[in-house]
Amino acid sequence: MHALDEAGYSHYNRQYKQRLPTILSLSAIDWAVCRIKPLILPRKKKTKEAFMYNIDTPTLTTLKNKNIKAIFFDMDGILFDSMPYHAEAWHKALLHFGLEFSPYEAYLHEGRTADSTIDAIYNRLYGHDADRTTKDEIYALKSSIFGGYPAPKPIEGIAEVLQWVKEQNIHLLVVTGSAQVSLFEKLQEYFPAIFERNHIVSAFEVKHGKPHPEPYLTALKIAGVDAEEALVIENAPLGIRSGRAAGIFTIGINTGILTRDDLKEAGANLVLDNMQQFRELLKDLNFVHR
Ligand code: CA
C-alpha cells in the first residue's frame, strides 16, 4: 500500500490480511458463531454493475443519482499515454544531477509543477528547496529527454469516451498542470472538434497546481456548474486530491504503474482499471444538457 505523507514522499506500509479467527484466539462459542453465521445468513448482494466495476453499491447509487452537467478530464495519463515517458525523463534527468527518483515516485508526484517536483526531492534529500538555476537546469534536461521520445499516443478507449460525452452536450474541460504552449492545437489534432479553446485549465490559468483545489475550482467556474454537478477523471494521487478538495466526485482510472490502493488512499470516490470500464459506466449515468 503506497501513499504520500504530508511532505509528499512515498512510504510503504504492509498490511496483513485479516486472519480467520481460530479456536485458539477466540472462545469456542465465538468461533462457532464466526464459522456458522455465514452459512445461515445470506451475504449482502452487490448489484451486477457494482460487482463488475468493483464499486460498493452506495457509491454507484450516488453516482447514478447525479445530474451531471460537466466532466473534467486530466490530460497526462487520461487523454494521452504520456506518463511512461515523463516518468523516465524525470528519472534520467535527476540521476544526471545525482538525485535518486524512481519512475514509480514520478507517478506518485504526477501533476505537480516542475519546480514543485524538484523542490520535493531537494527537501527529501537536503531539507531545503533547490535554487532557481538548479531547477532550470534540471527541467531543461528533463524537457530535452522527453522531447526525444515519440509523441505519446491517446489512451486506449479515450476517443470513444470523449465522443460519447460530447454527444451528451455537457461541459467538457481539460484540467492539467501542463505549461505546454499551443495545447489547444494539440488537442484539436488528436481529438478534433471535442474541446473548446476556453474550456482548458492549464498551468497558465492557476496560481496553485494540483493537489491544490484551484485547478478544479477554476474548471467549475468556467463551466458555471456546482461541484455536485461535475465529475473529475484523474489517474494520479495528486490530481485526485485536487478534485476531492474542490468537492467534486472523483473517479480514478488506473492507467499506469500505481496500485488501486494508491488511488483509493488519495481519496478517489471510485477506482476503475481502464478507460473501457469508464465507457461502460457512462451509459448508466444521467446528463443534463448545457
Ligand atoms: Ca495525470
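The values are calculated or read from the model by the stated rules, or taken from the named source; none is laboratory data. Computed from a predicted structure; not experimentally measured. Because the Cβ atoms are built from the backbone with ideal geometry, glycine has one as well, and the counts that use them run over all protein chains shown. Areas reflect the complete protein model, heavy atoms only, side chains present, ligands, DNA and RNA absent. Shrake-Rupley method; radii C 1.70, N 1.55, O 1.52, S 1.80 Å.
A few remarks follow.
- All-pairs alpha carbon distance profile, the range 157-290, 5 Å steps from 0, percent: 2, 10, 19, 23, 25, 17, 4, 0
- In the context of the full set of protein chains, the range 74-185 has a per residue accessible area of 45 Å² (1.4 Å probe).
- Gain upon complete extension [residue 62, residue 143; 0.36 nm per residue less C-alpha separation]: 25.0 nm
- Gain in span if fully extended, residue 283 to residue 189, counting 0.36 nm per residue against the direct Cα distance: 31.2 nm
- Computed from the C-beta positions of residue 166 and residue 205, the FRET efficiency with R₀ = 22 Å rounds to 0.50.
- For the range 230-280 and the range 137-205, distance of Cα centres in Å: 18 Å
- Of 207/283; 69/153; 66/142; 69/264; 64/142; 69/142, those spanning more than 31 Å from alpha-carbon to alpha-carbon: 207/283; 66/142; 64/142; 69/142
- When each of the peptides 224-233, 77-86, 119-128 is scored by how many other beta carbons lie within 10 Å of its residues on average, the order from highest to lowest is 77-86, 224-233, 119-128.
- By accessible area, using a 1.4 Å probe on protein heavy atoms only, the range 169-290 has 49% of its surface on carbon and sulfur.
- Those aspartates and glutamates that a straight Cα-Cα span of less than 16 Å connects to residue 221, excepting residues fewer than 8 apart in one chain: 196, 205, 229
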